[in-house]
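These notes concern the structure reproduced below.
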Amino acid sequence: MTTSHSTFRTLLLASAVLTTPTGCLDTSAGADDDAPETTAEATSALTISGLERVQATSETSSQWWRSPTVTCNGSNKLLGMGSLQPANGAILFRGLVPHTDGVYPDRFEAAAHEDLGGTSADWSITGYGICGAQPSLMSLHSTTSVASSAAKQVQTVNCPSGTKVLGAGGTILDGDGRVKIDEIAPNAALDQVTVTASDDQDGTSSNWQVRAYAICAVAPTGLVRVTETAANAWDGTSVIARCPSGKRLLGLGGGVSATDLHALRVYGLIPATNLASAVTRAISKGSTAGVTGEVRSYAICADE
């Protein structure tokens with residue numbers, strides 16, 4: 001599908017207004033959004049019950065943008081997010097955007113769009129959510145980078161003291177349809193999330209921003225981050241981070257790290273159906289000659 005430069009910019013600007021989740025205040029670039037105090041309503045369980053994977057798939061067509069909403073069942077709250085889109089190189093991963101019921105995260109959007117070259121093929125994107133009973137001191141936080149036309153932007157958000165990262169997300173604001181998410185990475189200490197984004201092979205001289213999200217709570221028993229990497233796995237190889245025995249997946253992340261990100265496309269951050277592992281998949285568009293780096297998968301796991 002082909003779309004004019006001006007149409008892309010108009011639609012992307014409109015999408016930026018929709019990407020700020022209810023309950024999170026993003027009043028200035030780079031500001032940490034402190035969610036409302038949740039102590040009185042929080043549960044005190046050391047393990048999270050009712051864990052389940054839920055999903056939603058967009059309609060299949062040649063429309064340039066896809067953004068299905070995945071909603072937790074009943075009173076369950078959102079813990080982790082992932083998605084899967086076509087591995088054809090023409091679709092850019094735009095991110096995972098959590099939303100709240102006014103206080104607690106309970107749903108999210110998985111977003112992707114065609115690059116400027118587009119595709120005439122019909123396509124869809126599936127979002128995968130990990131949901132469970134509300135953990136203690138649950139809150140949603142985000143920070144947004146300063147707008148610039150840099151080829152690469154990195155943004156980090158921190159969890160409040162006494163809480164840890166259970167889920168990670170990120171998105172892009174503006175970018176003329178030429179910018180993509182390259183990695184959503186919870187750190188080893190599970191107290192922050194870093195999101196990396198870059199422009200694609202077409203590049204852009206327009207200003208754009210990247211936003212990082214962290215779903216935070218008191219650490220459940222046995223909370224750990226597991227990491228798996230594969231060198232130069234730009235061929236769709238499944239890079240799998242597996243939870244240790246006796247633990248289940250709460251959240252996930254992943255992406256690519258390379259000397260040159262322009263041709264690389266993350267197209268899958270997928271929680272296993274049994275919530276025992278997380279998978280990252282990436283592919284390239286065009287030549288990656290001389291590009292070195294790795295594909296990474298992150299699993300956030302805790303005791304059953």
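Do we have any residue at all in segment 246-259 that's touching a residue at least 60 places away in the same chain (Cβ under 8 Å) and assigned to a loop (DSSP other than H, G, I, E, B)? Break it down into steps so the answer makes sense when it comes.
Of the residues in segment 246-259, the ones touching a residue at least 60 places away in the same chain (Cβ under 8 Å) are 248-257.
Now narrow it down to the ones that are assigned to a loop (DSSP other than H, G, I, E, B): none.
No, segment 246-259 contains no residue that is touching a residue at least 60 places away in the same chain (Cβ under 8 Å) and assigned to a loop (DSSP other than H, G, I, E, B).
Across segment 54-65, what is the total count of residues that are in contact with a strand residue (DSSP E or B) (Cβ under 7 Å, 6 or more places away or on another chain) and at pLDDT 95 or above?
Initial filter on segment 54-65 (in contact with a strand residue (DSSP E or B) (Cβ under 7 Å, 6 or more places away or on another chain)): 54-58, 60, 64-65.
Still in the list and also at pLDDT 95 or above: 54-58, 60.
Residues flagged as in contact with a strand residue (DSSP E or B) (Cβ under 7 Å, 6 or more places away or on another chain) and at pLDDT 95 or above within segment 54-65 amount to 6.
Can you work out which of the residues in segment 125-166 that are in contact (Cβ under 8 Å) with a residue 60 or more places away in the chain, under 17 Å from the mean Cα position of the chain (by Cα) and part of a loop (DSSP other than H, G, I, E, B) is surrounded by the most Cβ atoms within 10 Å (Cβ to Cβ)?
My answer is Ile125.
Return the residues of segment 104-124 that are charged (D, E, K, R) and surrounded by 20 or more Cβ atoms within 10 Å (Cβ to Cβ); say none if nothing qualifies. I'd like the intermediate steps shown before the answer.
Initially, segment 104-124 is screened for residues charged (D, E, K, R), giving 106-107, 109, 114-115, 122.
Within segment 104-124, Asp106, Arg107, Glu109, Glu114, Asp115 qualify.
Could you tell me whether segment 275-282 includes any residue that is basic (Lys, Arg), touching a Ser or Thr at 6+ places or on another chain (Cβ under 7 Å) and on the phi < 0 side of the Ramachandran plot? It would help to see each step written out before you state the result.
As a first pass, look at segment 275-282 and keep what is basic (Lys, Arg): 281.
If we keep only those that are touching a Ser or Thr at 6+ places or on another chain (Cβ under 7 Å) too, we end up with 281.
Now drop any that are not on the phi < 0 side of the Ramachandran plot, which leaves 281.
Checking segment 275-282: at least one residue is basic (Lys, Arg), touching a Ser or Thr at 6+ places or on another chain (Cβ under 7 Å) and on the phi < 0 side of the Ramachandran plot.
Return yes or no: is Thr126 out of contact with any Leu (no Cβ under 7 Å at 6 or more places or on another chain) and among the β-branched types (Val, Ile, Thr)? Working first, answer last.
Details: out of contact with any Leu (no Cβ under 7 Å at 6 or more places or on another chain): no; among the β-branched types (Val, Ile, Thr): yes.
Spelling it out, it is not the case that Thr126 is out of contact with any Leu (no Cβ under 7 Å at 6 or more places or on another chain) and among the β-branched types (Val, Ile, Thr).
I'd like to check something: does segment 186-194 contain any residue that is in contact (Cβ under 8 Å) with a residue 60 or more places away in the chain, under 14 Å from the mean Cα position of the chain (by Cα) and more than 25 Å from Cys72 (Cα to Cα)? Reasoning before the result, please.
Narrowing segment 186-194 to residues in contact (Cβ under 8 Å) with a residue 60 or more places away in the chain: 186, 190, 193.
Applying the additional criterion that residues be under 14 Å from the mean Cα position of the chain (by Cα) yields 186, 193.
Now narrow it down to the ones that are more than 25 Å from Cys72 (Cα to Cα): none.
No, because not a single residue in segment 186-194 is in contact (Cβ under 8 Å) with a residue 60 or more places away in the chain, under 14 Å from the mean Cα position of the chain (by Cα) and more than 25 Å from Cys72 (Cα to Cα).
Exactly one of (1) over 23 Å from Val154 (Cα atoms); (2) buried (at least 22 other Cβ atoms within 10 Å of the Cβ) is unmet by Ile240. Its number?
Condition not satisfied by Ile240: (2).
Considering (1) farther than 19 Å from Phe93 by Cα; (2) assigned to a strand (DSSP E or B); (3) not hydrophobic (A, V, I, L, M, F, W, C), say which one Gly169 fails and leave the rest.
(1)
Could you run through segment 59-103 and say how many residues are crowded, with 24+ Cβ neighbours inside 10 Å and more than 25 Å from Ala282 (Cβ to Cβ)?
Selection size over segment 59-103: 1.
With the requirement that a residue be aliphatic (A, V, I, L, M), assigned to a strand (DSSP E or B), in contact with a Lys or Arg (Cβ under 9 Å, 6 or more places away or on another chain) and surrounded by fewer than 24 Cβ atoms within 10 Å (Cβ to Cβ), what does segment 267-304 give you? Lay out the reasoning, then the answer.
Let us first name the residues in segment 267-304 that are aliphatic (A, V, I, L, M), namely 269-270, 272, 275-276, 278-279, 282-283, 289, 291, 295, 299-300, 302.
Subsequent filtering for residues that are assigned to a strand (DSSP E or B) retains 269-270, 278-279, 282-283, 295, 299-300, 302.
Those left that are additionally in contact with a Lys or Arg (Cβ under 9 Å, 6 or more places away or on another chain): 269-270, 278, 282-283, 295, 299-300, 302.
The answer is Ile270, Ile283.
Consider Asn274 carefully, then state whether it is over 22 Å from Ala151 (Cα atoms) and either basic (Lys, Arg) or out of contact with any Leu (no Cβ under 6 Å at 6 or more places or on another chain) (or both). Working first, answer last.
Details: over 22 Å from Ala151 (Cα atoms): yes; either basic (Lys, Arg) or out of contact with any Leu (no Cβ under 6 Å at 6 or more places or on another chain) (or both): yes.
Answer is yes for this residue.
The values are calculated or read from the model by the stated rules, or taken from the named source; none is laboratory data. Since the model is a prediction, treat every value here as computed from it, not as a measurement. Glycine gets a Cβ as well: all are built from the backbone with ideal geometry, and neighbour counts include every protein chain shown.
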